[in-house]
1. Residues in segment 154-168 that are free of Cβ contacts under 8 Å to residues at least 24 places away in the same chain and within 33 Å of the chain's Cα centre (by Cα): how many?
2. Does segment 320-341 contain at least one residue that is of a type in the set (A, V, I, L, M, F, W, C), within 16 Å of the ligand (Cβ to nearest atom) and not in a loop (DSSP other than H, G, I, E, B)?
3. Just checking, how many residues over segment 58-73 are touching a residue at least 12 places away in the same chain (Cβ under 8 Å), of a type outside the set (Asp, Glu) and more than 14 Å from the ligand (Cβ to nearest atom)?
4. Identify all residues within segment 156-179 that are closer than 17 Å to residue 97 by Cβ, within 13 Å of the ligand (Cβ to nearest atom) and not hydroxyl-bearing (Ser, Thr, Tyr); write none if there are none.
5. Every residue in segment 381-390 that is more than 16 Å from the ligand (Cβ to nearest atom) and buried (at least 16 other Cβ atoms within 10 Å of the Cβ), please.
6. Can you give me the number of residues within segment 320-336 that are surrounded by fewer than 24 Cβ atoms within 10 Å (Cβ to Cβ), closer than 25 Å to residue 288 by Cβ and not polar (S, T, N, Q)?
7. Within segment 291-327, track down each residue that is closer than 21 Å to residue 410 by Cα and without any contact (Cβ under 8 Å) to a residue 60 or more places away in the chain.
8. Is it the case that some residue within segment 126-144 is free of Cβ contacts under 8 Å to residues at least 40 places away in the same chain and more than 10 Å from the ligand (Cβ to nearest atom)?
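The values are calculated or read from the model by the stated rules, or taken from the named source; none is laboratory data. As the structure is a computational prediction, the values presented were derived from the model and not from experiment. Glycine also receives a Cβ, built like all others from the backbone with ideal geometry; neighbour counts cover every protein chain displayed.
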Amino acid sequence: MATTTESRLAGLKQKIDSREALIGIVGMGYVGLPLALLFSGERFRVTGFDIEAGKVETLNAGGSYIVRILPSEIQEAQKAGFRATADYSEIARMDAVIICVPTPLNEHHEPDLSYVIKTVQSIAPWIHEGQLIVLESTTYPGTTEEIVVPLLEAGNAPGLLVSRSLDEPGVHVAFSPEREDPGNETVARHDIPKVIGGCGPAATELASAMYGAIFGRVVPVSSPSVAEMTKLLENIYRCVNIALVNELKQLTMRMGIDIHEVIDAARTKPFGFQAFYPGPGLGGHCIPIDPFYLSWKAKQFDFRTRFIELAGAVNTDMPYFVIEQIGGALNEQRKSIKGSKVLVLGVAYKRDIDDLRESPSLTIIELLREKGAEVAYNDPFFAKVGRGRHYDLNMTNTPLDNLSQYDAVVIVTDHSAYDYKAIVEQSQLVVDTRNATKGIDSPKIVRC
Ligand SMILES: NC(=O)c1ccc[n+]([C@@H]2O[C@H](COP(=O)([O-])OP(=O)(O)OC[C@H]3O[C@@H](n4cnc5c(N)ncnc54)[C@H](O)[C@@H]3O)[C@@H](O)[C@H]2O)c1
């Protein structure tokens, strides 16, 4: 039996080596689409699955809907066999399937696994013996074993089971977290080591072979839960450290000390310190959300994750702190927020990206409006901002001219396309939440 399984494993590994393995990626978003391009770049034939018909059409027409991915990159991938589909029956043709669908929080701030559950239910009827299924969506430890495996086994008519050992036939299942940092050009995606935890040694071996073809280093761990927890540790580490500098910034402002100067000095220490920077609040799909996947799971073990809760509270308060600072800055000019014209610079959650999920700008705009300000925004990445899960702004991008008409210009996202010197020169008042005006000396600037 062992020989049969070993030869089956060798068969798929050989297909990976020869690039004959067909790779299916479910979820053509910020994670799935770049991953598809990485595999295509290594001459794999990739099929992208998505439930959004518009995305499937755009990709098949050689277009892109993510700013940093050029249509030419999609067209190049098409030459290697890349195509998109909404038809799950095509899962049956795939040798490996990677799931990259959203894992948000619901309105009670609890994990919303509905996308993962729907995806697994949709692929289950089409999976086959020897196939590799990998979940990449960030989630709490236990998801792969407690949710994915039972749904795959239950939804598969011939009664295919998940393989647990080298001498056991079945479908191979693993978890491997995505570690991308959008907009970070310092590390090539290929150089970010890939952590892999399989439900059994065969799954880990196969997933390592597959990811080893596109990543410089794979890091196998003993179980999916270890891999799931690794991703959460990384994001919780960021969340807690950002909260720490956000709190210290508020203290140092009262003390008349520039926190950025302090961080720049501290980071000269060659060991034991990593720089994190304060800002207007957390944004993005990961840092504001993922830690709460663990706090939720911890309750099952009668455990309170106090660091996560405290960091969450400090970071969530930051947009309110920014509003106080805007109010204070206007007050110095004998003005109030009510009735003031305010221009918010940047709605993306961080510099130079076209993603506004959970962006603090959205909260800041809403709070300013609630307080009676007339708010406009500028962001080179967003022609308009309509409605999302947590906001309904219905605004269009305002050109960056006639800045003197605004009572305050608030820098929330420090896009590198902005000419900060010119912005300060032309504005009456600049509230800078990102230290974007570093080095510019002007009484018009309020840094917070
Ligand atoms: N964006 C990041 O920088 C980042 C980084 C690391 C990890 N992650 C994690 O990766 C996962 C995906 O995030 P993302 O940013 O790519 O999300 P996204 O919203 O950009 O993309 C998800 C895609 O999945 C599609 N989808 C949803 N349900 C589907 C289904 N049932 N079948 C097929 N397609 C479906 C959506 O239409 C969308 O195109 C999340 O768990 C996230 O936490 C994201």
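1. So in segment 154-168, the residues free of Cβ contacts under 8 Å to residues at least 24 places away in the same chain come out as 158-159, 161.
Retained after the next criterion (residues that are within 33 Å of the chain's Cα centre (by Cα)): 161.
Count: 1.
2. Taking segment 320-341 first, the residues of a type in the set (A, V, I, L, M, F, W, C) are 321-323, 326, 329-330, 337.
From what is left, the residues that are within 16 Å of the ligand (Cβ to nearest atom) are none.
No, segment 320-341 has no match at all.
3. Total satisfying the criteria: 2.
4. Residues satisfying the conditions are 175, 177, 178.
5. Matches in segment 381-390: 385 only.
6. Of all residues in segment 320-336, those surrounded by fewer than 24 Cβ atoms within 10 Å (Cβ to Cβ) come to 320-321, 323-325, 327-336.
If we keep only those that are closer than 25 Å to residue 288 by Cβ too, we end up with 320-321, 323-325, 327.
Subsequent filtering for residues that are not polar (S, T, N, Q) retains 320-321, 323-324, 327.
Residues in segment 320-336 being surrounded by fewer than 24 Cβ atoms within 10 Å (Cβ to Cβ), closer than 25 Å to residue 288 by Cβ and not polar (S, T, N, Q): 5 in total.
7. Once the filter is applied, which keeps residues that are closer than 21 Å to residue 410 by Cα and without any contact (Cβ under 8 Å) to a residue 60 or more places away in the chain, segment 291-327 yields 316, 317, 319, 320, 323, 324, 327.
8. Checking segment 126-144: at least one residue is free of Cβ contacts under 8 Å to residues at least 40 places away in the same chain and more than 10 Å from the ligand (Cβ to nearest atom).
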